[in-house]
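First up is the structure itself, then whatever we jot down about it.
The values are calculated or read from the model by the stated rules, or taken from the named source; none is laboratory data. Nothing here was measured: the structure is a model prediction, and the numbers come from that model. So basically every Cβ, Gly included, is an ideal-geometry build from the backbone, and we count neighbours across all protein chains shown. Just the protein is used for accessible areas: all its heavy atoms, side chains included, with ligands, DNA and RNA removed. Shrake-Rupley method; radii C 1.70, N 1.55, O 1.52, S 1.80 Å.
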Amino acid sequence: KMTQQMRDLQLAQARKPPGPSSPNAAKRLYRNLSGKFRVNYTSFDEGSLAGRGEKDKLRKSCLFQSNAALFEAVELQDLDRVQELLKQYSPEELDLNTPNSEGLLPLDIAIMTNNAPIARALLQAGAKESPHFVSLESRSLHLSTLVREAEQRVNELTAQVVNEVPNADCSEKEKQLKAWEWRYRLYKRMKAGFEHARVPDAPTNVHLSVASSSSVQVTFWEPLSVNSAVVTKYKVEWSCSPTFSPLLGEAIIDKLKNLHFTIRGLVSGTAYYVQVSAYNMKGWGPPQASVPPFAIPSNWREYDGRAPRRRGQAEALDHLLGQVKTVHQHCVCHEPCKNQPQSRKHSVSKSLKHLFHPGSKFLKTLKRGLYLTAIFYKDDNILVTHEDQIPVVEIDDTYSCLLMQDFLWFTKVSCMWDEILWLRQCVTVSQSSCSCILQTRFKMLLAISQMQGLLGIQDLGQVFFEPVKDKQGNILIVTLKEVKTNQTFESVRWVPICKLQTSRKSVSSPEEPTALDMLLISVQDKLAYHQQSSHALSPGLYLGYLKLCSAVDQIRVLVPERLPNILCHVKIRSNPNISREEWEWLQKMASVDEPVPAEPEAETTQNHLFQELQVAIKELMTLVNIPLQEAKDFRLYSQEVLDFGGQVSFLLLLPPSDDVCTAPGQNNPYTPRSGFLTLPLQIFELGEEG
């Protein structure tokens, strides 16, 4: 047989002057192949193409050449070029799993020349082995045939070169001879690689864990041996018998980016044994049993039959809100609000198109009082008025001291931006008879409505966890929202944050900056907080540290700056599920008098969790700057596992009961290093819910 590349070479010889006459010259041609493609492509006159059909032919021609280039790169063991082609083209465009004229795929060449890096790169891209090799005998016969035909072709060309008088035809024969000699050596190397290979060793670190009440998960690593051929797939088998007879099921894993598999549809309370074996071109290697040898699908809630804490809560709250609305429909206070000036009534559009129209009532300067400001940002730009001002509206010009309870009430209102009109109607009462607190909150609702109307959008975003206060008596409540869609606006513009900070002329002294100046100085920190508070944890089981500190009017909780919506934490493992057996062991550990209970038996899920907890506690204590010897008085919260969406769960580590919450004036000898902050507990709860 003749390779696709050899056929291409012969076709090119009929049209072009003599090409390279040595394998090195062929390599140079190959290395410049992509450049030649670009030259050929751009050399066409677009006006001469006969419509879309000619362009499609040109596209197919380039893809055909890229397929040939991939084969050449694999044969020449050029890893960089292989990775470049895999990045530039999709597997379909490269015809990654279409055999060439010799019945070979790129992955076949890589594994039979034992080029592990290239083979792994191809496997990551979805490459397969040739379907022609149905057995060891068929592969061996195929390779022998390729070697024999290449050797025969080399002998024929050698005889022709020796016997012919030197001329142009003889020069062509010499080029073909050198190319076939190089291919003959490649096939011999592939045949030798196949003959010297052996079946792979067993996978290593085969670990079995309980994923849910009806599933178990097995994770594993590659075999340790580096003398064998490249592993191209794995087999996971499971059974209710330690002898794996009968076998309940098996699964083939040929996507090797993540070496794990979840066995689903199992019976809760039944023990399942799992083993994993590896495959290469010589066949299946020996299976490796998991550690622990079996797992029983279960969940910690089965220990005492506890129902999920949040089951039906969202639906119940929606139903309750609907009932409240129904009651208020016929209430006197449901009359349309008359307090809002007519000039401030604007329809709420679904976009920001009409933001800051000429009749806007945004403030340019602050008097002594309480204000609301909304920050909309996209990348490094911030949305401002035509006066280069962050939008600010007045809440109350007679309010000089924001009570924490009013601020926390405002943050709860931020969960109902769409219901502001209804809330205003409910709070609308006689100004002479209502309390100061109710008047302030009604003014907050008015300011929100004004901001929504002027911005043309209801969702004002997330409330920053503390107001901005200056010494002149100004207080700014700040909301932040990221705009991710590309939109065009009239009468407004996006301004780079750094430009806004440098161009705005401060009207205050550095010693006593106004609230607006303080806002501009710290705006990037606030945007970072907003972005970080929306990040989610990757699936897994975590160990969290609960530390509170109290003040006169609030309780604050310690959180990391990089994830302020989550407690200080470290990851225990990637599997979020706590099995019934693990939870039972944790209950026993919490009930013993000794500070350190006896270590569970080896090769059990409890023992593995015990080891994982030891590592996690050490890491967590280092993170929050607490000496490890102090941790002996800490305890695990044993009432429940905190579940978040089924993919993230938490075990809580608590200080001694007297130290869980630090009282005002109480000295805490162990303060966390930089990278932490304390949030009001209610703010943290809202962020955690989000």
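Summary of values
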| quantity | calculated |
| --- | --- |
| Top positive-direction residue, dipole computed over the range 369-534 with Cβ charges, set Ala447, Ile521, Ile390 | Ala447 |
| Cα gyration tensor shape of the range 529-578, rounded if a/c is under 1.5, else prolate or oblate by comparing a/b with b/c | oblate |
| Shape of the range 58-196, Cα gyration tensor, a/c cut at 1.5 | oblate |
| Rounded to the nearest 20 debye, dipole of the range 369-534 from Cβ charges on Lys, Arg, Asp, Glu | 160 |
| Pairwise Lys count, the range 114-217 - Cα closer than 24 Å, eight or more residues apart or different chains | 6 |
| Entries in Lys325/Lys481; Lys364/Lys471; Lys364/Lys412; Lys257/Lys618; Lys367/Lys481; Lys235/Lys257 that, when Cα-Cα distance is taken, lie over 24 Å | Lys325/Lys481; Lys364/Lys412; Lys257/Lys618; Lys367/Lys481 |
| Total charge dipole magnitude, the range 469-591, about the Cα centre, Cβ charges on Lys, Arg, Asp, Glu only, Debye to nearest 20 | 220 |
| Tyr637, Tyr371, ranked by accessible area, largest first (probe 1.4 Å) | Tyr637, Tyr371 |
| R0 of 35 Å, Cβ-Cβ distance Lys367-Asp553: FRET efficiency to nearest 0.05 | 0.85 |
| Candidates per chymotrypsin sites (Phe, Trp or Tyr not before Pro) in the range 194-262, loop by DSSP, up to 16 other Cβ within 10 Å | none |
